[in-house]
Amino acid sequence: MSRAALLVLADGRFPAGGHAHSGGAEAAVKAGRVTGAASLEEFCRGRLHSAGLVSAAVAASAVLGADPVELDGALDARTPSPALRVASRRLGRQLMRAARVTWPSAELDALAREFPKGAHQPVVLGVSARAAGLDAVDAAYCAAYESVSGSASATVRLLSLDPFEATAVLARLAPELDRVADSAVEAARAVVEVGVDALPAASAPLLEISAEVHAGWPVRLFAS
């Protein structure tokens, strides 16, 4: 196993399409809920412990060999917003394209055939991590980090926020990211034993509502 593969997978330059999405930050900025570094930190903390935890558990479960079709259905049920479901599948489709070139895998090929329009991104992330020889905690860290790093980067563009401040926000969240990754792996082990009902179902209703509002904007900088 090469841990360097984790650096490739988590690199913001990996062509997985995440740069086009704000993780809800654009709607939060427009609503005045994110106005600077302090409020960005609170926003990212909320994402980490809700969407981030769920995504990390799904990705870790896929690495441990849970059925990706069942994981996809479970994540669909945990994503009430149609706009967020569409965004997740688009990101999954883009990640699939990049991962199949980078780490050719029969499992990735099978998942692509099962979901020609795209599986949910955390499912693809987990299968990609498995193909890259990574373990469950690697996938959990990657998913958890993605849940906050995209919003931080987007806020730099949306508010002209000092990128040093945005990076400091991510650094301050590092201990919580550790805890979320550990919780996600624990949940993933339970999924392997008892099924997808063991996945966390942490919700963020305001993110879901904001995603639907954002999807209706005629002009926006980010896809979601």
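The values are calculated or read from the model by the stated rules, or taken from the named source; none is laboratory data. Being a predicted model, the structure only gives us computed values, none of them experimental. Cβ coordinates were reconstructed from backbone atoms using ideal geometry, including for glycine residues, and neighbour counts include every protein chain displayed.
Quick test of your reading of the structure: V8 fulfils all but one of (1) in contact with a Lys or Arg (Cβ under 9 Å, 6 or more places away or on another chain); (2) modelled with pLDDT under 95. Name the failing condition by number.
Failing condition for V8: (1).
Residue by residue, here is whether (1) in contact with a Cys (Cβ under 9 Å, 6 or more places away or on another chain); (2) of a type in the set (F, W, Y) holds:
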residue	(1), (2)
V123	no, no
V127	no, no
Y141	no, yes
V148	yes, no
L177	no, no
V185	no, no
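For the range 130-149, does any single residue satisfy the condition of being surrounded by fewer than 16 Cβ atoms within 10 Å (Cβ to Cβ) and out of contact with any strand residue (DSSP E or B) (no Cβ under 6 Å at 6 or more places or on another chain)?
Yes, there is a match, as at least one residue in the range 130-149 is surrounded by fewer than 16 Cβ atoms within 10 Å (Cβ to Cβ) and out of contact with any strand residue (DSSP E or B) (no Cβ under 6 Å at 6 or more places or on another chain).
Can you spot a residue in the range 155-171 that is surrounded by fewer than 17 Cβ atoms within 10 Å (Cβ to Cβ), of a type in the set (D, E) and under 19 Å from L221 (Cα atoms)?
yes
Is it fair to say L206 is assigned to a helix (DSSP H, G or I), at pLDDT 95 or above and either in contact with a helix residue (DSSP H, G or I) (Cβ under 9 Å, 6 or more places away or on another chain) or more than 19 Å from S22 (Cβ to Cβ) (or both)?
Spelling it out, it is not the case that L206 is assigned to a helix (DSSP H, G or I), at pLDDT 95 or above and either in contact with a helix residue (DSSP H, G or I) (Cβ under 9 Å, 6 or more places away or on another chain) or more than 19 Å from S22 (Cβ to Cβ) (or both).
List, please: which pairs have Cβ atoms under 7 Å, are six or more places apart or on different chains, and start with a residue in the range 93-120 that is without any contact (Cβ under 8 Å) to a residue 24 or more places away in the chain and end with one that is of a type outside the set (A, V, I, L, M) and crowded, with 20+ Cβ neighbours inside 10 Å?
Taking only residues 6 or more apart or on different chains, the pairs are L108/S128.
Has the range 12-19 got at least one residue that is in contact with a helix residue (DSSP H, G or I) (Cβ under 9 Å, 6 or more places away or on another chain) and either modelled with pLDDT of 95 or more or β-branched (V, I, T) (or both)?
no
Which of (1) closer than 21 Å to V137 by Cα; (2) modelled with pLDDT under 95 does V63 not meet, given it meets every other one?
(2)
How many residues does the range 64-99 hold that are part of a helix (DSSP H, G or I), touching a helix residue (DSSP H, G or I) at 6+ places or on another chain (Cβ under 7 Å) and surrounded by fewer than 17 Cβ atoms within 10 Å (Cβ to Cβ)?
4
Conditions tested, residue by residue: (1) among the β-branched types (V, I, T); (2) closer than 16 Å to H49 by Cα; (3) in contact with a His (Cβ under 9 Å, 6 or more places away or on another chain).
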position	(1), (2), (3)
L159	no, no, no
A168	no, no, no
E176	no, yes, yes
R189	no, no, no
A201	no, yes, no
L206	no, yes, no
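Mind checking whether some residue in the range 190-198 is closer than 16 Å to A28 by Cα and touching a Gly at 6+ places or on another chain (Cβ under 9 Å)?
no
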